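Trainee: The structure is given below, and queries will be raised subsequently.
Values in this text are rule-based calculations from the coordinates and carry no lab data. The shown structure was predicted, so the numbers you read here are calculated from the model rather than taken from an experiment. Quick reminder, even Gly has a Cβ in these numbers, built from the backbone with ideal geometry, and neighbours come from all protein chains shown.
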Amino acid sequence: HLAEVEAFTTDSKDAVEAFRIKYLGKKGLLTDFFAEFKNIPNEQKKEFGQVINQLKNLATEKVSSLKAQLEQQTAKTGQFGDMTRPGAPIEIGVRHPISIVKNQIIDIFSRIGFNVSEGPEIEDDWHNFTALNLPEYHPARDMQDTFFIQTNPDILLRTHTSSVQVRYMEEHQPPIRTISPGRVYRNEAISARSHCFFHQVEGLYIDKDVSFADLKQTLQFFTNEMFGKSKIRLRPSYFPFTEPSAEVDVYWGLETETDYKMTKGTGWLEIMGCGMVDPNVLKNCGIDPEEYSGFAFGMGIDRIALLLHQISDIRLLSENDIRFLEQFKSAL
Ligand code: PHE
């Protein structure tokens, strides 16, 4: 035992404690040896006594010296352990693709003087429909299937952010240059291509002598900056709040198989609706249509995100699957 105690060494606190319990604990070896003392023949008592005392001292010393040694080590490395060890990596968050695209759009329009306006997702009938030249029973109300929260008076989830433009015009006189990003809701079947909620950016420009040519030039600038594509075409269309109205297509090209698939072999992609604000809408919002004119446009952020990042299913944008989201680490 003497030799064993002498040779014992460790750098673990637990091992020192186990050692202490083995020799010096209440039920340890030394307690046994001291109990054994009275059975020892008298002539051996002296020698036995000396040896067990020696063992006791040695073990006590060993425990305190090992403890001191361990404490010194912890002092050197600090309470956090070895300070030279490489740290655990900190996962840095990443912007959602919707936010990335939204910020790109805001950035482009802010360079030509547009500010950003926002409004509530829960709307009344006036701001979502009536002020926008969609009176009650107007058939075009069915163009957007609406989620109603309450009827009579109607409270609903906005179907487009045109409602924000109405609110903006009610509060500001021209010149107005604003874009309204936000989430909108439509009662549509959920599939890879469409969801019951998505995101829009709508734009509004009202001033003296604003023309259709200004609209086209503004959209040309946008598509150039956003997609690096400068060829666009405007197809006649219908919206109750604009007259004339148009659908904007960007020429994507037919260079790759993906181009071919995305554009169904035409090379053209529809990216937004637009038009000259109907004089009725200006009147409804307290702006004199004799003095002012303007244009408006609206696009879906989700659709553009799918396009730019070649995402095959719109539902991925709202599932919060980290394996999907972390792929946007390098995208701005
Ligand atoms: N509000 C229309 C929509 O949600 C888009 C639009 C905005 C069209 C402005 C023309 C002018 O579909």
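Trainee: In the Gaussian network model of the chain, springs joining C-alpha atoms below 10 Å, which of 20, 158, 193 carries the largest mean-square fluctuation?
Mentor: Comparing 20, 158, 193 in the GNM, the peak value goes to 20.
Trainee: Select from 115, 152, 103 the residue whose mean-square fluctuation is largest in a Gaussian network model of the chain (Cα-Cα springs shorter than 10 Å).
Mentor: 152
Trainee: Please order 226, 169, 83 by the number of other Cβ within 10 Å, starting at the fewest.
Mentor: On the way: 226 19, 169 24, 83 9.
Sorted ascending by nearby Cβ count, the order is 83, 226, 169.
Trainee: Here's something else I'd like to know. Among 147, 185, 25, which residue has its Cα positioned farthest towards the positive end of the charge dipole of the chain, with +1 placed on the Cβ of Lys and Arg, -1 on the Cβ of Asp and Glu, and the dipole taken about the Cα centre?
Mentor: 25
Trainee: Return the single residue from 217, 73, 144 with maximal mean-square fluctuation; model: Gaussian network over the chain, springs between Cα atoms under 10 Å.
Mentor: 73
Trainee: Got a sec? Charge dipole of the chain, +1 on Cβ for Lys and Arg, -1 for Asp and Glu; which of 311, 248, 322 is way out at the positive end?
Mentor: After comparing all options, I get 322.
Trainee: Distance between the C-alpha centers of the stretch 124-161 and the stretch 213-279? Whole Å please.
Mentor: If we compute the Cα centre of each part, the gap is 26 Å.
Trainee: A follow-up question, please. Grab the other residues whose beta carbon is less than 15 angstrom from that of residue 31, score K and R as +1, D and E as -1, and report the net. Working shown, then result.
Mentor: Numbers: positive: 20, 22, 26, 27, 38, 56; negative: 32, 36.
Combined, the nearby Lys, Arg, Asp and Glu give +4.
Trainee: Right, something else. Going by a ≥ b ≥ c, the root eigenvalues of the Cα gyration tensor, does the stretch 159-267 fall in the rounded group (a/c under 1.5), the prolate group (a/b larger than b/c) or the oblate group? Walk me through the intermediate numbers first.
Mentor: Values: a/c = 2.24, a/b = 1.30, b/c = 1.71.
Cα axes put the stretch 159-267 in the oblate bin.
Trainee: How much FRET efficiency would the formula 1/(1 + (r/R0)^6) give for residue 42 and residue 6, where r is the Cβ-Cβ distance and R0 is 25 Å, rounded to 0.05? Write out the running numbers ahead of the final one.
Mentor: On the way: r = 29 Å, r/R0 = 1.17.
The computed FRET efficiency comes out at 0.30.
Trainee: By how many nm would the segment from residue 225 to residue 188 grow when fully extended, if each residue of separation counts as 0.36 nm and the alpha-carbon distance is taken off?
Mentor: Values: separation 37, 0.36 × 37 = 13.32 nm, distance 3.16 nm.
Once the chain is fully extended between residue 225 and residue 188, it gains 10.2 nm.
Trainee: Also, quick follow-up: Quick one: putting +1 on the C-beta of Lys and Arg, -1 on the C-beta of Asp and Glu, what dipole do you get for the chain around its Cα centre, in Debye to the nearest 20? Mind dumping the intermediate values first?
Mentor: Working: 36 positive and 47 negative charges, 370 e Å.
Its charge dipole is roughly 1780 debye.
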